[in-house]
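Asker: Would you mind keeping the following structure in view while I ask a few things?
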Amino acid sequence: MNNLTTGLHHVTAIAGNAQRNYHFYTQVLGLRFVKKTVNFDDPGTYHFYYGNYAAEPGTILTFFPWANIRQGRAGIGQATSIGYSVPEGAFGFWKERFDALGIRSLPPTERFGAPLVGFFDPDGLLLELTASALSDARLGHVTNEIPAEMALKGFHQTTLSLQSIAPTARILTELLGYEPVGMQGNRHRFVNPLATAGGIVDLLEENDGRKGLNAAGTVHHVAFRVPDDTAERALLEKIRSVGLQVTDPIDRNYFHSLYFREPGGVLFEIATDTPGFMVDEPLDSLGESLKLPPQYEAYREQILAVLPNLHQ
Ligand code: ZN
């Protein structure tokens with residue numbers, strides 16, 4: 001079996017203020033807050049998950065909000081933008097919304113024939129909306145201000161900035177099952193043929209680019225999805241066989257993950273679709289209460305005491 005991955009699973013980035021991050025992603029962008037938990041390696045810090053209505057892999061953007069972290073810098077060795085799909089016809093709605101709410105955005109442009117607008121979250125993380133003609137059955141999350149026909153569906157693509165794309169391209173094609181589909185300037189597009197959506201990775205070759213600084217407003221890692229533990233173990237062997245350092249699978253409660261740094265410097269994760277976000281709360285109340293992994297449940301009171309309160 002050659003293709004083991006089936007597209008993006010999630011992207012994890014770093015934020016500063018937790019409340020500001022929560023407000024932006026739930027109120028301004030209207031994403032669904034699908035899980036409120038803590039950083040399993042630093043349980044005094046939140047781990048926020050935002051997704052579409054059904055919290056499907058390929059729609060999940062997660063954040064570690066660290067109140068006192070310094071400002072990061074996007075650059076070489078990082079994912080430097082995260083693209084969402086919106087329905088065709090939603091573009092004007094979002095442009096007006098960004099202007100009305102004072103969201104910093106870039107002039108609209110076209111990429112591989114599809115209209116696109118870039119904008120920044122409160123920590124300076126670059127996001128993009130693409131009105132894609134690709135069929136995309138994912139249901140966005142509807143809010144008071146954002147109707148279904150305007151809602152973000154989930155990831156369209158993510159862009160990795162690299163000094164030289166060749167070593168990373170080899171990982172994408174030989175290990176993860178992606179195929180090159182074209183280039184525009186220094187942007188090289190790869191698509192996962194098994195992905196129903198969220199299957200695009202763009203590699204941006206920036207020979208003279210500056211190395212990124214991983215702190216607030218930058219991406220921490222990019223996770224690719226595999227169906228289950230069997231596929232993950234097969235991929236683990238494949239990654240080891242080419243001499244890359246890779247962790248054993250780690251239980252992240254909602255998925256099982258392994259991590260490796262690809263040769264271009266970007267931290268990659270492989271995450272299983274199973275067991276998913278409904279393992280500890282039902283679909284209709286996702287994200288409403290703080291969820292802790294079993295090892296921290298005994299410390300719930302102490303953890304609650306140090307986490308900042310959130311409000312709309
Ligand atoms: Zn992750």
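Asker: Distance between the C-alpha centers of segment 130-184 and segment 230-279? Whole Å please.
Answerer: 20 Å
Asker: Shifting gears a bit: Would you please give the FRET efficiency between Glu174 and Arg70, computed as 1/(1 + (r/R0)^6) with r the Cβ-Cβ distance and R0 = 45 Å, to the nearest 0.05?
Answerer: Working from the Cβ atoms, E equals 0.80.
Asker: Ok, one more. Nearest 0.05, what FRET efficiency do Asp228 and Asp280 give at R0 = 22 Å with Cβ-Cβ as r?
Answerer: For Asp228 and Asp280, the calculated efficiency is 0.70.
Asker: Between Gln184 and Ser135, what is the spin-label point distance in nm, taking each point 7 Å from the Cα along the Cα→C-beta axis?
Answerer: Each label point lies 7 Å from its Cα, and together they span 2.3 nm.
Asker: Let me ask something additional. With θ set to phi - 60°, apply the Karplus curve 6.51 cos²θ - 1.76 cosθ + 1.60 along segment 214-220 and write out the HN-Hα couplings as whole Hz, x wherever there is a Gly or Pro.
Answerer: With the stated coefficients, segment 214-220 comes to 7, 7, 4, x, 10, 7, 8 Hz.
Asker: For Arg252 and Tyr296, FRET efficiency with R0 = 22 Å and r from the beta-carbon atoms, rounded to 0.05?
Answerer: According to the calculation, E is roughly 0.95.
Asker: What pairs in Lys36/Lys95; Lys35/Lys95; Lys238/Lys291; Lys211/Lys291 have C-alpha atoms more than 32 Å from each other?
Answerer: Lys238/Lys291; Lys211/Lys291
Asker: Take the alpha carbon gyration tensor of the chain, find the square roots of its eigenvalues, order them as a ≥ b ≥ c, and report rounded if a/c is under 1.5; if not, report prolate when a/b exceeds b/c, else oblate.
Answerer: Cα axes put the chain in the rounded bin.
Asker: Rolling a 1.4 angstrom probe over the protein chains, ignoring ligands and nucleic acids, what is the accessible area of Met183 in square angstrom, nearest 10?
Answerer: Solvent-accessible area, nearest 10 Å²: 120 Å².
Asker: Points 7 angstrom from Cα along the Cβ direction at Glu237 and Ala148: gap in nanometres?
Answerer: With each label placed 7 Å out from Cα toward Cβ, I get 4.5 nm.
Asker: OK, next. Report the full-extension gain for the segment Leu101 to Gln19: residue separation times 0.36 nm, less the Cα-Cα distance, to one decimal in nm.
Answerer: Net length gain for the segment: 27.8 nm.
Asker: Most fluctuating residue of Asn214, Asn253, Asn68 in a GNM of the chain with Cα springs under 10 Å: which is it?
Answerer: Highest fluctuation of the listed residues: Asn68.
Asker: Return one whole number: the accessible area per residue of segment 78-199 in Å², for a 1.4 Å probe.
Answerer: Value returned for segment 78-199: 43 Å² of accessible area per residue.
Asker: Leaving out ligands, DNA and RNA, what percent of the accessible area of the chain is carbon and sulfur, probe 1.4 Å?
Answerer: That fraction is 52 percent.
The values are calculated or read from the model by the stated rules, or taken from the named source; none is laboratory data. Just so it is clear, the model here is predicted, and its values are computed rather than measured. As a convention, Cβ positions derive from the backbone with ideal geometry for all residues, glycine included, and neighbour counts pool all protein chains shown. Surface accessibility is based on the protein's heavy atoms, side chains included, excluding ligands, DNA and RNA. Shrake-Rupley method; radii C 1.70, N 1.55, O 1.52, S 1.80 Å.
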